[in-house]
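Enquirer: Can you keep this structure in mind? I'll have questions shortly.
The values are calculated or read from the model by the stated rules, or taken from the named source; none is laboratory data. Because the structure is a prediction, the values reported are computed rather than measured. All Cβ positions, glycine included, derive from the backbone under ideal geometry; neighbour counts span all protein chains shown. For accessibility, only protein heavy atoms count, side chains too; no ligands or nucleic acids. Shrake-Rupley method; radii C 1.70, N 1.55, O 1.52, S 1.80 Å.
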Amino acid sequence: MDLFETISTTGHEEVVFCHNKDAGLKAIIAIHNTTLGPALGGLRMWPYKSEQEALNDVLRLSRGMTYKAAVSGLNLGGGKSVIIGDPSKHKSEALFRSLGRFIDSLNGRYITAEDVGIDVNDMEYVFQETENVVGVHQVHGGSGDPSPFTAFGTVQGVRASLRYKYNNENIGDYSYAVQGVGHVGFELVKLLRAEGAKVFVSDINETAVARCVDELGAEAVGLDEIYDVDANVFCPSALGGVVNEETIDRFKFEVICGSANNQLADDAAGDELYKRGIVYAPDYAVNAGGLMNVSIEFEGYNRERAKRMMRTIYYNVGQIFNISDRDQIPTWKAADRMAEERITEIGKIKLPFMGRQPHRFPGRNRSA
Ligand code: NAD
C-alpha cells in the first residue's frame, strides 16, 4: 500500500499510527482538515479484517467529520480514530489509557468522543490521560446522551425541507415514515406527534414499535413496507444506504430528511432524487445535533445553548437548498460545496500572520 498516495488523494493533513505492544494497542488517528479548528471525531473499535480496511475507514470517517462541522457552522475540523480489535474481547484499561496518551501528544489537534464499539467507561480511561475528550460523563461536565438533541435538530431540518418543498413548514400538515425508532427515532416520532402529524414507523425491534404505537399513537408498518408508505416525508433513522436504485422507484415520498448516516447508497441515488424532484436534506447537515451538543462542552455545557444551536440546522439546510438552486446541482453536492466554500473563506481570513505567537522560546538562553 502506498500510504502517502492514499492520504494525498483524500486530502488528509496527518495520519498517526499508534502502537503499544504491551497494551495490545493498534490504532490509527486521522486528522483530515483543521482549517476551522481542532479535528473532532469519535473513536471506533472494530475487528477490522486488515490494516488497510481500518485505514480506509478512518480516512473516510474523518473526512466526513470535516464536512459535517463545516456545513454546521462549527469552528471544528474533521478527525476520527480507530482501534483494531474486537470490543467484546480486547478491551482493557491499559489499551484505552495508552491511546489516551497518544491523543494527548497531539496537543489538542485531535479531540475524541464515543463511536461504534466504545462506551462511556472506555472513555473514562482515555480521559485519565488526556483532556481532549468530549462526551464524557455528566459528572465530568459532559453533555450526556445526544439523541434527543439529534432528534430536535432533525425536526429543524424537516421544517426547512417542508418550507422549500411546500412553502409551508407546519409539521402537523404532513405525514411521515420513520424507519428505526431507537434512541433518535423514538424522540423524533414524539416531536412529530406533538405537532399532530400522522406518523408511520418500522423497526426490527417489535417492542420499540409497540411503544411508539401505544405511547405516541404512531402506526406500525412492516420492515420492507416502509418504502411504499404513502407519506410526504421519509425519515431514515436506522441504517445507511436505504435510498438506492431499488427503493427510489417505490417512493411516493416528496421529502427525505432523517437522522441516519450515509442514507444515499451512492451519489447516483442523490442525483436520481434531484431528477425526480424529491427533496433530499443531506444527512450530515440534518443529524449534526450530536456534534453540536458535544462541541458546547468546550465552553461549559448548557442545555439551553445546545437547543439554540440545534435551531441553526434549519438555516444550514435552507442554505444548502439555496446553493442547489443557485448552481443547479443536487442537494448532496450542494452540501459538499457549502462546506468547501466555508473552509476556503475562513482559511483565507486566517492567512495574514497576526503577530501573537512568540518568535523565540521563553527563557531561551541566547548566549548559550
Ligand atoms: P439506535 O441503535 O438507538 O437505533 C436504531 C434503530 O434502528 C434500532 O431500534 C434498531 O432496531 C433499528 N433498526 C435496525 N435495522 C433496522 C431495519 N432494517 N429496519 C428498521 N429498523 C431497524 O441508534 P440511534 O442512536 O437512534 O441512531 C439512529 C441513526 O442516526 C444511526 O444511523 C446513527 O448513526 C444516526 N445518528 C445518531 C446520532 C445520535 O445522537 N444518536 C447522531 C448522529 C447520527
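Enquirer: Can you tell me which residue among 26, 49, 91, 68 is assigned to a helix (DSSP H, G or I) and open to solvent by 20 Å² or more (accessible area, probe 1.4 Å)?
Expert: Just one listed residue meets the conditions, 68.
Enquirer: What pairs come out if I take residues in the stretch 305-316 that are assigned by TED's automatic domain parsing to the domain that holds residue 162 and pair them with residues that are open to solvent by 70 Å² or more (accessible area, probe 1.4 Å) and among the acidic types (Asp, Glu) whose C-beta lies under 9 Å away, six or more apart or interchain?
Expert: Partner pairs satisfying both residue conditions: 305/299.
Enquirer: Further, regarding this structure: I need the full set of residues from the stretch 146-185 which are surrounded by fewer than 24 Cβ atoms within 10 Å (Cβ to Cβ), free of Cβ contacts under 8 Å to residues at least 60 places away in the same chain and within 9 Å of the ligand (Cβ to nearest atom), in order please.
Expert: The answer is 148, 182, 183.
Enquirer: When residue 161 is evaluated against the numbered criteria (1) part of a helix (DSSP H, G or I); (2) more than 20 Å from residue 251 (Cα to Cα), which criterion, by number, is the only one it fails?
Expert: Evaluating residue 161 over (1) part of a helix (DSSP H, G or I); (2) more than 20 Å from residue 251 (Cα to Cα) leaves (2) as the failure.
Enquirer: For the stretch 218-275, how many residues meet the condition of being buried (at least 22 other Cβ atoms within 10 Å of the Cβ) and assigned to a strand (DSSP E or B)?
Expert: So the count comes out to 8.
Enquirer: Another question about this same structure. Tell me whether the stretch 285-293 contains one or more residues that are at pLDDT below 95 and touching a strand residue (DSSP E or B) at 6+ places or on another chain (Cβ under 8 Å).
Expert: Yes, there is a match, as at least one residue in the stretch 285-293 is at pLDDT below 95 and touching a strand residue (DSSP E or B) at 6+ places or on another chain (Cβ under 8 Å).
Enquirer: Within the stretch 206-217, is there a residue that is open to solvent by 40 Å² or more (accessible area, probe 1.4 Å), without any contact (Cβ under 8 Å) to a residue 12 or more places away in the chain, within 12 Å of the ligand (Cβ to nearest atom) and polar (S, T, N, Q)?
Expert: Looking for residues that are open to solvent by 40 Å² or more (accessible area, probe 1.4 Å), without any contact (Cβ under 8 Å) to a residue 12 or more places away in the chain, within 12 Å of the ligand (Cβ to nearest atom) and polar (S, T, N, Q), one finds at least one in the stretch 206-217, hence yes.
Enquirer: Right, another one. Is it true that residue 196 is surrounded by fewer than 15 Cβ atoms within 10 Å (Cβ to Cβ) and either closer than 19 Å to residue 259 by Cα or more than 13 Å from the ligand (Cβ to nearest atom) (or both)?
Expert: yes
Enquirer: I'd like to check something: does the stretch 302-316 contain any residue that is more than 16 Å from the ligand (Cβ to nearest atom) and either within 17 Å of the chain's Cα centre (by Cα) or crowded, with 24+ Cβ neighbours inside 10 Å (or both)?
Expert: yes
Enquirer: Being farther than 21 Å from residue 23 by Cα and among the aromatic types (Phe, Trp, Tyr) is the filter here; which residues of the stretch 59-112 pass it?
Expert: 67, 110
Enquirer: If you scan the stretch 322-350, which residues turn out to be touching a strand residue (DSSP E or B) at 6+ places or on another chain (Cβ under 8 Å) and not in a helix (DSSP H, G or I)? Please lay out each step first, then the result.
Expert: Filtering the stretch 322-350 down to residues touching a strand residue (DSSP E or B) at 6+ places or on another chain (Cβ under 8 Å) leaves 330-332, 343.
Residue satisfying the conditions is 330 alone.
Enquirer: Looking only at the stretch 123-145, which residues are farther than 27 Å from residue 71 by Cβ, open to solvent by less than 10 Å² (accessible area, probe 1.4 Å) and assigned to a helix (DSSP H, G or I)?
Expert: If the condition is that a residue be farther than 27 Å from residue 71 by Cβ, open to solvent by less than 10 Å² (accessible area, probe 1.4 Å) and assigned to a helix (DSSP H, G or I), then 126 is the only one that fits.
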